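Chemist: The structure is given below, and queries will be raised subsequently.
Readers should treat all values here as calculations from the given coordinates under stated rules, not as data from a laboratory. Computed from a predicted model, the values in this text were never measured in an experiment. Here the Cβ is made from the backbone with ideal geometry for all residues, glycine too, and neighbour counts use every protein chain on show.
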Amino acid sequence: MTELEVRSFEVRLEADTREVVGIAVPYGQIADIGSYQEKFAPGAIRSVEDVKLFWQHSEPIGKILEGKDTEAGFEIRAMISDTPRGQEAYTLLKDGVINKFSVGFMPLEQTREGSLVTRTLVDLKEVSLVSFPAFQGANVAEVREELTVAEVVADSIQTKETNMSENMELDVRAVQDEVAEIRRELELVKTPTIATNAFETKFRSQGEYAKALVSGDQDAVELFRATSADAALRPAFVGYINNLINSGRPTLNAFNIQALPATGLTVEYAQVNTNTIAIGKQTTENTALSTGDVALTTVSVPVATYGGFTNISKQAIERSTVNYLDVAFQAMSLAYAKKMNVDFVATLAALSYTGKTVDCSTLTAAVVIEGIANGAAIIYNNTGLFPEFIVAGTVAYRRLVSVVDTSGRPILTQDGAGVNNIGSAQVAGLKGSILGLPIIVDPAMDSKTAYLANSAAVTTYESAGTPTRLSESDVTKLQDTYSVYGYAAFAVPFAGAIVKINTGA
């Protein structure tokens, strides 16, 4: 979409009706825009319908009443509204401080000879009162004033400003005009912006989209074709369904997530086995740096497909007042998230925790604190990373948040009650923290299992966009098939960044 062009000219304020008159666009006058020169040809502006009068290109202060071609250029007559900013503009015009017009327009037709661009047709959008213009060919010629009681009262109110603040305001407005001119220079060389397709914002839910598709809505058909071609589209409902999916897979979302490569049935990544790199301070110039080794293994993991489908009759889609599609898509999306999270948890469980298990099974305050500290040391020594969170099954969570000190006092604040604690627990929401580490509860995990981890330990490579899909209709049964499916692969580049916490048998 072409951006708004801005040019400036002089104006005049008339004395009897709060109207400003001036040449909005001088014909034939050449202005140096920067990387090119510009002039307007007679007849370049053909309408002032719905054109507004602006202040410094930032806010409307009136409207254009009429426009006409003259020998000097295109002259406009505008009314200044009785607003605080309009009154300010009127006062500055009357005092001669502001006497320039600046027009904002969309270029439609032009010719170019060398560095000279001649605008032959533009769509005028707004005319602004400005401090410093690009063109010098149109001044404020006259101001008309028609005083009302309200204006008399307004005129009696004196704004007390220091000379410094006045100069700063003028400097800011000058910079605004200069920035506007720079934007116009970039207009000639930039790549055209692709307009947003209507179907990207038209459909508020999967069900609304699917129902429109069944009815033959053209925007829905275009979205279906684009989605089928794996276009990078983000309809309005994608954000909602992705949030729904993320809420159903707490453990997976705690770790790193990246975009799945566009092609391939496997994902290859480098897994760090040992890191003995020794970083030291160079003692003097030309002395050897510290040395060591990073042992890496190239690992290949398969790309799995997660999905399911359901059939809904055309009658239910087209005639029912109950939104079956939305509920069906939500149910499938939650099931999609649950299955992916279960497999992710299984990936964690299958890792080796030899030398990476800390024992907190006695569940005393001292033991839990020591276990988390030891686990942090293991992660740091193996990878150089620090733990970011604890993920726990339901029993492990209950055990951790129920730990008491030697006097029987809970070491975690229980639902806001307690003082001098080392963490908190919100049993109703299955949330909490201990030693500053958030506790993420996941019912999909073994109930007694807990892990201390950094998010870089495991990466999920996942296909982008909403997983909801539509397939062809079965006209013999008057049914449509709706499905969710997506692709994902689980990689473990830093296996040393996850430690198992033993909370008891």
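Chemist: Per the Kirkwood formula on distinct C-alpha pairs, the Rh of region 319-409 is how many angstrom?
Modeler: Its Kirkwood hydrodynamic radius stands at 16.8 Å.
Chemist: Sort the following peptides by mean Cβ neighbour count (other Cβ atoms within 10 Å, averaged over residues), highest first: 21-28, 358-365.
Modeler: 21-28, 358-365
Chemist: Hey, another quick one. Do any of 100/125; 281/500; 68/100; 431/500; 39/94 go past 24 Å between their Cα atoms, and which?
Modeler: Listed pairs above 24 Å: 281/500; 39/94.
Chemist: Starting from the amide H of residue 444, placed 1.01 Å from N in the peptide plane, find each other amide H under 5 Å away whose residue is 5 or more places distant or on another chain.
Modeler: Residues meeting the amide H criterion: none.
Chemist: State the extension gain, in nm to one decimal, for the chain segment bounded by residue 381 and residue 456, taking 0.36 nm per residue of separation less the distance between their alpha-carbons.
Modeler: Contour length minus the Cα-Cα distance gives 25.5 nm.
Chemist: Still on this structure, I have one more. Along the charge dipole of region 324-394, Cβ charges K/R +1 and D/E -1, which of 336, 364, 375 sits furthest on the positive end?
Modeler: So the residue furthest toward the plus end is 336.
Chemist: Near the amide H of residue 81, under 5 Å away, which other amide H atoms are found, from residues 5 or more places off or on another chain, if H is placed in the peptide plane?
Modeler: For residue 81, whose amide H was placed from the backbone, the distant partners under 5 Å are 62, 63.
Chemist: Residue by residue, what Karplus-based ³J(HN,Hα) values in Hz, rounded to whole numbers, does region 70-81 have, using 6.51, -1.76 and 1.60 with θ = phi - 60° and x for Gly and Pro?
Modeler: Result, rounded to whole Hz: 10, 5, 7, x, 8, 9, 10, 10, 10, 9, 8, 6.
Chemist: Taking H as built 1.01 Å from N, whose amide H comes closer than 5 Å to the amide H of residue 29, not counting residues under 5 places away?
Modeler: So residue 29 has HN proximity to 40.
Chemist: Same structure, new question: Which chymotrypsin sites (Phe, Trp or Tyr not before Pro) in region 73-115 sit in a loop by DSSP (not H, G, I, E or B) and have at most 12 other Cβ atoms within 10 Å of their own Cβ?
Modeler: Passing both the DSSP loop test and the Cβ count: no residue.
Chemist: On to the next question. Would you kindly state how much longer the chain becomes between residue 218 and residue 30 on full extension, computed as 0.36 nm times their sequence separation minus their alpha carbon distance, in nm to one decimal?
Modeler: Residue separation times 0.36 nm, minus the Cα-Cα distance, leaves 63.0 nm.
Chemist: On full extension of the chain, what length is gained from residue 335 through residue 83, given 0.36 nm per residue of separation minus the C-alpha to C-alpha distance?
Modeler: 85.0 nm
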